[in-house]
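Peer 1: Sharing a structure below in structure tokens format, with a few things to ask.
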Amino acid sequence: MTPKAFHVADAVPHRVDAIEIGEARRDGARLAILGQTITLSIEGLKDFFFADWRPELIDLLVIAAAVEYCDLSVRRPSWGWARSFDLLVAVHENEQWSAAPVRDALEEALAFLTGDRWRLSFTKRRHDVVKVSPRRFVFDTPDKVIMPYSDGLDSRAVAALVEEKEKGGLVRVRLGSKGVDSARIPRKKRRFAVVPFEVKLDKRQRVESSARSRGFKFAVITGIAAQLAPVDRIIVTESGQGALGPILASSGQSYPDYRVHPAFTRRIERLFEVLTNKAPSYEYPRIWSTKGETLAAATALPKPPTWHDTRSCWQDSRRVSFDGARRQCGICAACMLRRMSIHRADIDEPSSGYIWEDLGAAEMEGGAVRGFSGMSSAFRDYAFAGILHLDHLAALSGSELHRRTVRRVARETAEALGIEMAEGERELVELLERHRAEWLDFLVSLGSRSFVARVAMVSPWQ
């Protein structure tokens, strides 16, 4: 039992069987049928397994898909956070996955990431996944480093910085739909362009939105890419607010969000070590920088990236479309951090890309583009949450009340990064100071009458 999941030790587990069609399920188990509920992408497999067909890594993809099925289809309790899962997965390498070191490393990584209790068991597949014909790729330079790539601000900025430093050899691993730069990369040089599996859940089945398993999915995909490239290094693109903010300023009864924290990726390294005898190394070059500092550094490059065609917003197109065009909402936590960071980096971005064009408006409703009819209480909640998240991070700077929290996160981060506790605490304190300064400067740019400034507790006018 891990201390992260102690409070569900006696809970009745949700039993899920990720098995082949025609196989008998366990008593009381829900079925996630391989080939139907969980499918592997032929195009994705061709993109990944171009050099070597590795059944244990195919299994890991299926396990990640089964974990995603569990996470999204079981609602968290109204009181508390944790759930308990008993998951059976059909795999090629049954003995390898059932070995205690591998199973323990897998369960520990999942429990630490999601805050749930996980018990995994395995059964032998009756039918192997059909081996696909690999693509033929042409490479100009040796691979040096893997990067998970969403084509958002952080991905694009850090990719540019790494390319400048490494002088080639950066391999992007897509985490979603293809980005705008895909068309500029010849198909014969474009690997890892498609997420190699899909979990099919309809709206009624997709009942949980916290989606902590996304961290496992993306860590597994990048780790597999590193095994197959092969390279030893994986660059995590998040800046300090993205990697540490969700842990420093977690809300209510929610479990801290470790999806891009080094304490979680160290556990993924351990999983690959016991599974394959070869562990990748996850690096965090921007963890002690604000997002604004990262954007400023990339903007100062001889050939800086473009920013206008990136997205940060969490909202789907149905909610943030106006006059036939998809925009970003401009007020969720991701958009608010984006706008503050773009302000810090002195990047000129037109407000017409957002539904909430004017954050300086006295009332929230007055900040939306004229003619927008989709205003709702949910948007108001998103706006308050976005403002208060950045505000709470700013309030941590210099706060005696929160000193123990800051020291705890500094210690956990320093241990995961392999640095001294004193260095980790100094870096985190300075990061929070700079975040506070950026937040106050952003509020000044909006004006004291802004609805954003009136919600914030940290104020340049007090």
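Peer 1: Can you work out which of the residues in the range 244-283 that are polar (S, T, N, Q) and farther than 17 Å from Ala100 by Cα is nearest to the chain's Cα centre (by Cα)?
Peer 2: First, the residues of the range 244-283 that are polar (S, T, N, Q): 250-251, 253-254, 265, 276-277, 281.
If we keep only those that are farther than 17 Å from Ala100 by Cα as well, we get 250-251, 253-254, 265, 281.
Details: Ser250: 16, Ser251: 18, Gln253: 20, Ser254: 17, Thr265: 12, Ser281: 17 Å.
Result: Thr265.
Peer 1: What are the pairs, 6+ residues apart or on separate chains, where a residue within the range 364-392 that is modelled with pLDDT of 95 or more and among the acidic types (Asp, Glu) has its Cβ under 8 Å from a residue that is surrounded by 20 or more Cβ atoms within 10 Å (Cβ to Cβ) and not in a helix (DSSP H, G or I)?
Peer 2: The qualifying pairs are Asp391/Ala456.
Peer 1: Only one of (1) modelled with pLDDT of 90 or more; (2) loosely packed, with under 14 Cβ neighbours inside 10 Å; (3) in a helix (DSSP H, G or I) fails for Lys188. Which number is that?
Peer 2: Only one criterion in (1) modelled with pLDDT of 90 or more; (2) loosely packed, with under 14 Cβ neighbours inside 10 Å; (3) in a helix (DSSP H, G or I) is unmet by Lys188, namely (1).
Peer 1: Let me confirm something: among Asp71, Asp86, which residue is open to solvent by less than 50 Å² (accessible area, probe 1.4 Å), acidic (Asp, Glu), touching a Ser or Thr at 6+ places or on another chain (Cβ under 7 Å) and at pLDDT 95 or above?
Peer 2: Numbers: Asp86 fails: touching a Ser or Thr at 6+ places or on another chain (Cβ under 7 Å).
When all the criteria are applied, what remains is Asp71.
For every residue, the table says whether it meets (1) modelled with pLDDT under 90; (2) touching a strand residue (DSSP E or B) at 6+ places or on another chain (Cβ under 7 Å); (3) hydroxyl-bearing (Ser, Thr, Tyr); (4) assigned to a helix (DSSP H, G or I).
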{"site": "Phe192", "(1), (2), (3), (4)": "yes, yes, no, no"}
{"site": "Glu198", "(1), (2), (3), (4)": "no, yes, no, no"}
{"site": "Phe216", "(1), (2), (3), (4)": "no, no, no, yes"}
{"site": "Thr222", "(1), (2), (3), (4)": "no, yes, yes, yes"}
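Peer 1: Going through the range 276-297 one residue at a time, which ones are over 18 Å from Thr413 (Cβ atoms) and open to solvent by 10 Å² or more (accessible area, probe 1.4 Å)? Before you say what the answer is, go through the steps one by one.
Peer 2: Step one: list which residues in the range 276-297 are over 18 Å from Thr413 (Cβ atoms), which gives 276-280, 292, 295-297.
Passing the criteria: Thr276, Asn277, Lys278, Ala279, Ala296, Ala297.
Peer 1: Return the pair list, or none, for Cβ contacts closer than 8 Å from residues in the range 67-86 that are of a type in the set (Gly, Ala, Ser) to residues that are part of a loop (DSSP other than H, G, I, E, B) and open to solvent by less than 10 Å² (accessible area, probe 1.4 Å), at least 6 apart or on different chains.
Peer 2: That search, which allows pairs on different chains as well, returns Ala82/Gly115; Ala82/Asp116; Ser84/Asp116.
Peer 1: Output yes when any residue across the range 133-149 is surrounded by fewer than 21 Cβ atoms within 10 Å (Cβ to Cβ), touching a strand residue (DSSP E or B) at 6+ places or on another chain (Cβ under 8 Å), modelled with pLDDT under 95 and outside any strand (DSSP E or B), and no when none is.
Peer 2: Yes, the range 133-149 contains a residue that is surrounded by fewer than 21 Cβ atoms within 10 Å (Cβ to Cβ), touching a strand residue (DSSP E or B) at 6+ places or on another chain (Cβ under 8 Å), modelled with pLDDT under 95 and outside any strand (DSSP E or B).
Peer 1: Regarding the range 289-302, can at least one residue be identified that is part of a helix (DSSP H, G or I) and among the charged types (D, E, K, R)? Show your work before the answer.
Peer 2: Initially, the range 289-302 is screened for residues part of a helix (DSSP H, G or I), giving 291-299.
From what's left, among the charged types (D, E, K, R): 291, 293.
Yes, the range 289-302 contains at least one residue that is part of a helix (DSSP H, G or I) and among the charged types (D, E, K, R).
Peer 1: Here is a follow-up. Being assigned to a loop (DSSP other than H, G, I, E, B) and surrounded by 11 or more Cβ atoms within 10 Å (Cβ to Cβ) is the filter; apply it to the range 150-167 and report the residue that is modelled with the highest pLDDT. It would help to see each step written out before you state the result.
Peer 2: From the range 150-167, those assigned to a loop (DSSP other than H, G, I, E, B) are 150-152, 167; that's our starting set.
Within this subset, residues satisfying the condition of being surrounded by 11 or more Cβ atoms within 10 Å (Cβ to Cβ) are 150-152.
Numbers: Ser150: 85, Asp151: 75, Gly152: 89.
By that ranking, first place goes to Gly152.
Peer 1: Among the candidates Leu40, Leu57, which residue alone is under 24 Å from Ala225 (Cβ atoms), open to solvent by less than 10 Å² (accessible area, probe 1.4 Å) and touching a residue at least 60 places away in the same chain (Cβ under 8 Å)? Please lay out each step first, then the result.
Peer 2: Numbers: Leu40 fails: open to solvent by less than 10 Å² (accessible area, probe 1.4 Å).
Going through Leu40, Leu57 in turn, just one is under 24 Å from Ala225 (Cβ atoms), open to solvent by less than 10 Å² (accessible area, probe 1.4 Å) and touching a residue at least 60 places away in the same chain (Cβ under 8 Å): Leu57.
Peer 1: Going residue by residue through the range 203-211, is there one that turns out to be touching a Ser or Thr at 6+ places or on another chain (Cβ under 9 Å), surrounded by 21 or more Cβ atoms within 10 Å (Cβ to Cβ) and either modelled with pLDDT of 90 or more or farther than 30 Å from Arg76 by Cβ (or both)?
Peer 2: Residues of the range 203-211 touching a Ser or Thr at 6+ places or on another chain (Cβ under 9 Å): 205-208, 210.
Filter once more, keeping what is surrounded by 21 or more Cβ atoms within 10 Å (Cβ to Cβ): none.
Scanning the range 203-211 turns up no residue that is touching a Ser or Thr at 6+ places or on another chain (Cβ under 9 Å), surrounded by 21 or more Cβ atoms within 10 Å (Cβ to Cβ) and either modelled with pLDDT of 90 or more or farther than 30 Å from Arg76 by Cβ (or both).
Peer 1: I need a count of the residues in the range 245-256 that are farther than 15 Å from Arg404 by Cα and either in contact (Cβ under 8 Å) with a residue 40 or more places away in the chain or not in a helix (DSSP H, G or I) (or both). Lay out the reasoning, then the answer.
Peer 2: At the first step, the residues of the range 245-256 found to be farther than 15 Å from Arg404 by Cα are 245-246, 251-256.
In the following step, the residues that additionally are either in contact (Cβ under 8 Å) with a residue 40 or more places away in the chain or not in a helix (DSSP H, G or I) (or both) were identified as 245, 251-256.
Looking only at that region, the number is 7.
Peer 1: Now, a different point. Take the residues in the range 305-316 that are over 19 Å from the mean Cα position of the chain (by Cα) and buried (at least 16 other Cβ atoms within 10 Å of the Cβ); name whichever of them is nearest to Ser341 (Cα to Cα).
Peer 2: Our first condition is that a residue be over 19 Å from the mean Cα position of the chain (by Cα); within the range 305-316, this holds for 305-309.
Remaining after also requiring buried (at least 16 other Cβ atoms within 10 Å of the Cβ): 305, 307.
On the way: Pro305: 15, Trp307: 12 Å.
So the residue we want is Trp307.
Peer 1: Could you tell me which of the residues Ile331, Ile347 is touching a Leu at 6+ places or on another chain (Cβ under 7 Å) and either part of a loop (DSSP other than H, G, I, E, B) or at positive phi (or both)?
Peer 2: Values: Ile331 fails: touching a Leu at 6+ places or on another chain (Cβ under 7 Å).
Result: Ile347 is the single residue among Ile331, Ile347 that is touching a Leu at 6+ places or on another chain (Cβ under 7 Å) and either part of a loop (DSSP other than H, G, I, E, B) or at positive phi (or both).
Peer 1: I'd like the full set of residues that are among the small types (Gly, Ala, Ser), closer than 24 Å to Val130 by Cβ and open to solvent by 20 Å² or more (accessible area, probe 1.4 Å), limited to the range 17-34. Lay out the reasoning, then the answer.
Peer 2: Residues of the range 17-34 among the small types (Gly, Ala, Ser): 18, 22, 24, 28-29, 32.
Imposing the further condition that a residue be closer than 24 Å to Val130 by Cβ reduces the set to 18, 22, 24, 32.
If the condition is that a residue be among the small types (Gly, Ala, Ser), closer than 24 Å to Val130 by Cβ and open to solvent by 20 Å² or more (accessible area, probe 1.4 Å), then Gly22, Ala24 are the ones that fit.
The values are calculated or read from the model by the stated rules, or taken from the named source; none is laboratory data. Please read these numbers as outputs of a predicted model, since none were measured by experiment. Glycine gets a Cβ as well: all are built from the backbone with ideal geometry, and neighbour counts include every protein chain shown. Surface areas here come from the heavy atoms of the whole protein model, side chains and all, with no ligands, DNA or RNA. Shrake-Rupley method; radii C 1.70, N 1.55, O 1.52, S 1.80 Å.
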